[in-house]
Amino acid sequence: MQQEVVLGMLAKEPSSGSQLRARLNDALGPLGEAVNEGQIYVTLSRLERAGLIARQGTGAPEAGRKAYELTAAGQERVAEWLSEVSWPKPDLAEFHLKLVAAAQAGLADPIGIVDAQRRELLRRLREVGRAAMAEPEGSRAGLLLEGIVLRLQADLRWLEACERAWMDRRKK
Amino acid sequence: MNENASCAPIVRARGLHKEYGSGEGLVRAVDEIDLEVTPGETLAIMGPSGCGKSTLLHLLGGLDRPSAGELWLAGRRIDSLSERGLAQLRRHDVGFVFQAFHLMDELTAQENVELPALLAGRSPREARRRARQLLDQVGLCERAGHLPSALSGGQRQRVAIARALANEPQIVLADEPTGNLDSAATLEVLRLFEGLHTAGITVVVVTHDERIAATAGRMISMRDGVFVDETRLAGGARGNLADFAGWGG
């Protein structure tokens, strides 16, 4: 679990691990299934050691209900995270090089590789589409699923461009 | 026919061919295609504009006549039907959904859905009952009295889908049904197509919108009038939703 995500979820108010999990599940919908509660606790203890969060209050914690809160350093880290412009990297270069390698060595037809990839992406699109349809209107997770749909569509469009280009090359 | 009726394809095409022009300007829009669509199947045909997919759909629905080849719909040979026979076929056996909705602007949603049933000779009372039921199915009961101009794009397409079902057609043919819709309206139409599938209605949709194609059980890619790839989409995607989002939890 990415530390900043847990910090960010904690920024709303002091919370226990299970409260954080509920908040993540609400935002992630069907993707929340991938969240393992154990990972949240591991991350929390790392963040505590790093001084970014602290157990709330000094008295004995109520049984099983340890609430954590951000320290000043933790708040600073959250603010930094919000202002970062990092973005997940799709690894298109690898696929591109796969097509080049297949064509150069004459090992496989690049267009066959593109077709196989398209089938896989369409199957994914089908699954994500179904999950999106199952979300109630205005669901936060629905917005995330829409993002995945749009990305898959962009990838499919690029595959179309790959197909056209390799088809033209074949004709030459 | 000797085949078991439940296994017999709804659509069967052999060497289906449609060309326009002649000499240098000859275009083979649909180039000797073989196709079978089984009852209850949803099939998506994808391809760039000009690949012949709309022409193929028009042939399947009797909106156009092939230059050559054989075509059966529900066990009946239709490539050689008369104009009158084709008109009857379109009225009774085929439900059409178009990109531009093609609703009658001066009729209410309810009247638009009643129209095909009336044209097919049903009683006004029966047509009204059926239209109410269909508008209810597409979630537009409260909008039944509205003119198309008072409806959103997604709602208009839902009315058009209800209309397509008015005569309990053998098959629904859809040409870019989400082509004019924004993302939210597309989702409404996707849900309805899922519903058609669940209800066991046979659907052929031609599109370049991958989202609607992905609701189908089978997808065919078309280029320059021929089928170049075919795949079953149901099941078999590797990984899970979280993987697709790059979200490791």
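Coordinate-derived values only; no laboratory data. The structure displayed is predicted, hence computed values, not measured ones. Don't worry about glycine lacking a Cβ; one is built from the backbone with ideal geometry, like all the others, and counts go over all protein chains shown.
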- Counted neighbours (other Cβ, 10 Å), sorted fewest up, put B:141, B:51, B:7 in the order B:7, B:141, B:51
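Determine, for A:95, B:193, B:101, the number of other Cβ atoms within 10 Å of each Cβ, and report the residues in order from fewest to most.
Details: A:95 17, B:193 25, B:101 21.
Sorted ascending by nearby Cβ count, the order is A:95, B:101, B:193.
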- Note on the structure: Summing -39500 (n - 2.57) over every DSSP H run of at least 4 residues in chain A and dividing by its residue count gives a helix-only mean residue ellipticity at 222 nm, to the nearest 500 deg cm²/dmol, of -22500 deg cm²/dmol
- Averaged over the residues of A:114-126, the number of partner chain Cβ atoms within 10 Å of each residue's own Cβ comes to 6
- Where a ≥ b ≥ c are the square roots of the eigenvalues of the C-alpha gyration tensor, would you call the protein assembly as shown rounded, which needs a/c under 1.5, or, failing that, prolate if a/b is larger than b/c, or oblate? oblate
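What are the membrane-span-like helices in chain B by this rule: whole DSSP H runs, Cα extent along the axis at least 15 Å, mean Kyte-Doolittle hydropathy at least 0.0? If you can, show how the numbers build up before the last one.
Values: long enough: B:109-119 (16 Å, 0.33); B:124-137 (20 Å, -1.92); B:153-164 (16 Å, -0.60); B:183-198 (22 Å, 0.53).
Taking the DSSP H segments of chain B (at least 15 Å long, mean hydropathy at least 0.0), we get B:109-119, B:183-198.
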- Counting only C-alpha contacts under 8 Å and six or more residues apart, can you give the relative contact order of chain A as a whole percent? 22 percent
- Could you state the principal axis extents of the C-alpha atoms in the stretch A:48-172, from the largest down, to the nearest angstrom? 77, 35, 27
- Note on the structure: Computed over chain B, the relative contact order (Cα-Cα under 8 Å, seq sep at least six) in percent reads 25 percent
- Note on the structure: Percent of all Cα-Cα pairs per 10 Å bin for chain B, counting from 0 up to the last occupied bin, reads 7, 29, 34, 21, 7, 1, 0
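Once a ≥ b ≥ c are taken as the square roots of the eigenvalues of the Cα gyration tensor of the stretch A:3-83, is the result rounded (a/c under 1.5), prolate (a/b larger than b/c) or oblate (a/b not larger than b/c)?
oblate
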